[in-house]
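The values are calculated or read from the model by the stated rules, or taken from the named source; none is laboratory data. What you are looking at is a predicted structure, and each value in this text was computed from that prediction instead of being measured. Quick reminder, even Gly has a Cβ in these numbers, built from the backbone with ideal geometry, and neighbours come from all protein chains shown.
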Amino acid sequence: METLGVEPIALNSISSIEDSNVDSDCLLIAYVEYGIDGFSTEEAVEEVRKQTKLPELPIVFCGRLGSVPSSSGLSGKIFSQVKPSKLANTKRHLLESIGKIEQTVKKEEKTSDKLGERMPMSILLAEDNVVNQKVATRLFKKFGYKIEVANNGVEAIKESSYDLVFMDIQMPEMDGLEATRQIIAKWPDDRPRMIALTANAMREDREKCYEAGMDDYLTKPFKPSELEDAISQTYNKLHSDGGTVGTSPFEDN
């Protein structure tokens, strides 16, 4: 922040804003950690603006998985690990939105089809965390996919009409490993390709995924490029091998 000519004021909680003697007239942007003090996004926006007495203060939320859009329709976004160039872009977007600087005229970009238009398929996300559901749904939408969401393994095994399933490993009622086993048992010859979503990157954790029948895995938080690769691999397999997409790595060896 200092390299951009901005003096940051670090606080541990929203409630400490009022006691910090911050000059509201000098405030430009508020960066807020998602979920701080147990507030929802809307509650945090309301409380920060109440504490600062600035009802139009631009606010940017830092999110764990992907990013959380800034409030009031601002175009800037911030990631949990921020490069100076990204932070500079965020500052520029926010200054543009409040009329401090003129908007940058973007160069006309070449139009290209979204991944979902080039590689259409049906996708299910099995994930119990509501925040992760929303972030992932936005990311899939950016790629051109309208996905279905299952809140746990029980919901995930109800039908097999999907080409690709992203399966969180740790879920209530039925975890991802058991859900995968049941899907393979119910539809052995016509099952979707199964990709594990796990926060654990240890070798033994990956082996458990493969032993359950998973075809691949992504470690959370994953990059958009990794998600795109997983979708592309599934589409390529879907249109080769006679349309069979579910293939365990152990079967290939």
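Structure notes:
A quick yes/no check of all residues on (1) within 28 Å of the chain's Cα centre (by Cα); (2) assigned by TED's automatic domain parsing to the domain that holds Val131; (3) not in a loop (DSSP other than H, G, I, E, B):
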| position | (1), (2), (3) |
| --- | --- |
| Ala10 | yes, no, no |
| Asp19 | no, no, yes |
| Val22 | no, no, no |
| Val32 | yes, no, yes |
| Asp37 | yes, no, yes |
| Ala44 | yes, no, yes |
| Val48 | yes, no, yes |
| Gln51 | no, no, yes |
| Leu54 | no, no, no |
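- Checking each residue in the range 143-157 for being out of contact with any Ser or Thr (no Cβ under 8 Å at 6 or more places or on another chain) and not polar (S, T, N, Q) picks out Phe143, Gly144, Tyr145, Lys146, Ala150, Gly153, Val154, Glu155, Ala156, Ile157.
- Sub-7 Å Cβ pairs linking a first residue in the range 118-130 that is within 16 Å of Gly176 (Cα to Cα) to a second residue that is assigned to a helix (DSSP H, G or I) and among the aliphatic types (A, V, I, L, M), at least 6 apart or interchain, are Leu124/Ala156; Leu125/Ala136; Ala126/Ala156; Ala126/Ala179; Glu127/Ala136, ordered by first then second residue.
- Residues in the range 172-215 that are hydroxyl-bearing (Ser, Thr, Tyr) and under 16 Å from Ser160 (Cβ atoms): Thr180 only.
- For the range 21-45, filtering for residues that are among the small types (Gly, Ala, Ser), in contact with a helix residue (DSSP H, G or I) (Cβ under 9 Å, 6 or more places away or on another chain) and modelled with pLDDT under 80 leaves 3.
- Only residues that are out of contact with any strand residue (DSSP E or B) (no Cβ under 8 Å at 6 or more places or on another chain) and in contact (Cβ under 8 Å) with a residue 40 or more places away in the chain were counted across the range 13-34, and they come to 1.
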